[in-house]
Amino acid sequence: MLNLWLCIGLCAIILIVNGICIIHAIREKISSELYMHSGLSVFFSIMVLELTIGNNGAWNRLGSLWLQIIGFVLYLPSGYLVISSIIALRHRGKSKGADFTESTTIIKEGLYGRIRQPMTLGLAIWSVAFILVFQSLPTLVLSILSLFCFWMAARKESNYNIRKFGDDYEEFMKQVPMWNFFRKPK
């Protein structure tokens, strides 16, 4: 019973925090933030659901060790992409406010020189890793939903950045792929 209340409480906190960001995104008409925070709400809810009530047998899991190992291995590149993009945005993005994602310059070096949207790619890979690690129907459905939200956030972020940075960003888009880490930048 404690796990159920813990799950409800943590999911409520996740929804409230991301809900505030979603409301801000709607007011400011920033669709990329709407998708990003919707995806984050689902993403963190998956973790909470699986680690609290899922671990106590609330639903069946496939239980394939090899899939779990692959999932755990995927946490490494996804964590690298998310953490590296946060560091790059903080140090090279020249943000004027407290929100480090509000970059005032196009970052073209390092990780951002290989892919335009490393944070959303990392979160998308992490969503796939959840499917492989937890191997349950609720995780499959919710992870596909979060994966879609992160993909839409990346696409909408490109549109937002075109409005924000103009022709420079359009040229950057031609040179650097959105998520294709294996394609060499032009």
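When only C-alpha pairs under 8 Å and at least 6 residues apart count, what is the relative contact order of the range 2-175, in percent? Kindly include the intermediate steps, with their values, before the conclusion.
On the way: 204 pairs, mean separation 50.1, N = 174.
Relative contact order for the range 2-175 comes out at 29 percent.
Full extension from T101 to Q175: what is 0.36 nm times the residue separation minus their Cα-Cα distance, to one decimal in nm?
Details: separation 74, 0.36 × 74 = 26.64 nm, distance 2.15 nm.
Result: 24.5 nm gained on full extension.
Using packing as a proxy for protection, rank 168-181, 24-37 so that the peptide with the highest average count of other Cβ atoms within 10 Å comes first.
24-37, 168-181
Quick note: the coordinates plus some simple rules give every number you see, no bench work behind them. Note that this is a predicted model, so its numbers are computed, not measured. Note: ideal-geometry Cβ built from the backbone for every residue, glycine included; neighbour counts use all protein chains shown.
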